[in-house]
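The values are calculated or read from the model by the stated rules, or taken from the named source; none is laboratory data. If you're wondering where the values come from, they're calculated on a predicted model, not measured in any experiment. Using ideal geometry, Cβ is built from the backbone for each residue, glycine included, and neighbour counts are taken over all protein chains shown. When the accessible area is computed, the model is the full protein with side chains, heavy atoms only, and any ligands, DNA or RNA have been set aside. Shrake-Rupley method; radii C 1.70, N 1.55, O 1.52, S 1.80 Å.
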Amino acid sequence: MKFRKLSHALGAEVCDVDITQPMSEAQFGEIYRAFLDNGILLLRGQRCTREHHIEFSRRFGELDNHDALPRDRNSDYHELLMVTNAPNADGSPGEGRYTGRQWHSDMSFTSHPSLGSLLRAVKIPDVGGDTQFANMTAAYDALSDGMKKLIAGLHGIHMSGTRKIASADVGSQRISEQVRINPPIAQPVVRVHPETGRKALYLGEKVKRFDGMTEEESRPLIEYLNRHATKPEFVYRHQWRQDDILVWDNRCTMHQALGDFDETQLRHMERTTVLGSASGYVVA
Ligand code: SIN
């Protein structure tokens, strides 16, 4: 298999791969090793069905049925999350249009935060609709010893209902339902990757405070760490092409959909989410 670096910060493209074709364990093993080494893998030109997408995703591990996000999943394929600005059948604005607009790691607000995600570009706008990724291992490594010591025991409280939404939607049934299904979860600010053994920052914009501290006390440090982790040297910005599949490791990266496109055009992405191991605790 051939791989090509995507950026200084993270990511590699897997060249000449077709997920609709049989792939041996040895070939997939090379892909999985590259996934661990690079944090993100890009597979271009995957003209495939939903079944192919799901089947290939299963090779990374057990898939999430998205019980935590019932409104966003496909009604026939619960393994597929619809990340789309397509309007509903009755013409009302679609539910998934604000998914991922904040820096986050997928499903961090659940007790089984995701191992990885595979996002397929089904329809993209003429320009824009990019996604940014941050290398949280590199961001952690670059902190001073003093800062590493300071954050070692901290837990950030991850909320599910904090996506960037239009003010008309605030307090909507959707948000309150999401918060009811997913009570706030405290996750360690520094997580050890179960496969590489490397430490990574685990934060993002869904975290408003540390457990045992007020928002006012927590905010400066949360903002500093998020700003630090999203410096250009830790970030890769992906410009989508139709039929791209991007695979990312949620245990050592975070990402953000930029929303830098004409919203009257369709941006339709479909995501599978690979379940990770148990982490965190519910906060009353
Ligand atoms: C996501 O957060 O999974 C979606 C990212 C995107 O739409 O680019």
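Students often forget the sequence filter, so: which lysines lie under 23 Å Cα-Cα from LYS199 once same-chain residues fewer than 8 apart are removed?
Counting by Cα, and skipping residues close in sequence, LYS199 has these lysines nearby: LYS5, LYS148, LYS149, LYS208, LYS231.
Taking R0 as 30 Å, what FRET efficiency do you get between ASP76 and ARG237 from their Cβ-Cβ distance, rounded to the nearest 0.05? Present the calculation step by step, with values, prior to reporting the outcome.
Values: r = 33 Å, r/R0 = 1.09.
Calculated value: 0.35.
If I model a spin label as a point 7 Å beyond the Cα along the Cα-Cβ vector, how far apart are those points for ARG180 and ARG58 in nm?
Once both label points are built, they end up 3.4 nm from each other.
Please state the shape class of the stretch 2-282: rounded when a/c is under 1.5, otherwise prolate if a/b exceeds b/c and oblate if not, all from the C-alpha gyration tensor. Could the numbers behind the result be given before it?
Numbers: a/c = 1.57, a/b = 1.13, b/c = 1.39.
Oblate.
As I understand it, the dipole of the stretch 2-282 uses +1 on the Cβ of Lys and Arg and -1 on the Cβ of Asp and Glu, about the Cα centre. Which of PHE234, LEU63, THR20 lies farthest toward its positive end?
My answer, from the dipole projection, is PHE234.
Please state the charge dipole magnitude for the chain, taken about the Cα centre, from unit charges on C-beta atoms (+1 on K and R, -1 on D and E), reported in debye and rounded to the nearest 20.
Numbers: 35 positive and 38 negative charges, 104 e Å.
For this selection, approximately 500 debye.
Send over a whole-number figure in Å² for the accessible area per residue of the stretch 2-282, probe 1.4 Å. Present the calculation step by step, with values, prior to reporting the outcome.
Values: 12640 Å² over 281 residues.
Per residue, the stretch 2-282 has an accessible area of 45 Å².
Please list, by residue number, everything in the stretch 116-137 whose backbone N is under 19 Å from a paramagnetic label point 7 Å out along Cα→Cβ of MET1.
Backbone N within reach: 116-121.
What is the percent carbon and sulfur in the accessible area of the chain, measuring with a 1.4 Å probe over the protein chains and ignoring ligands?
Details: 6420 of 12880 Å².
About 50 percent, which is the carbon plus sulfur part of the accessible surface.
Report the full-extension gain for the segment ALA284 to GLU51: residue separation times 0.36 nm, less the Cα-Cα distance, to one decimal in nm.
Contour length minus the Cα-Cα distance gives 79.9 nm.
Spelling out what I want: for every residue of the stretch 36-48, take phi, set θ = phi - 60°, compute 6.51 cos²θ - 1.76 cosθ + 1.60 (Karplus), and round to whole Hz; glycine and proline get x.
Rounded to whole hertz, the list is 5, 6, 10, x, 9, 10, 10, 10, 7, x, 8, 7, 9.
Between PHE28 and LEU150, what length comes free when the chain is fully extended (0.36 nm per residue of separation minus the Cα-Cα distance, one decimal in nm)?
On the way: separation 122, 0.36 × 122 = 43.92 nm, distance 3.95 nm.
Full extension from PHE28 to LEU150 adds 40.0 nm.
In percent, what relative contact order does the chain have, based on Cα pairs under 8 Å that are 6 or more apart in sequence? Don't skip to the answer; put the middle values down first.
Numbers: 599 pairs, mean separation 96.9, N = 284.
Answer for the chain is 34 percent.
Using alpha-carbon positions, what is the distance between the centroids of the stretch 212-230 and the stretch 1-42, in Å?
Using only Cα atoms, the two centres lie 34 Å from each other.
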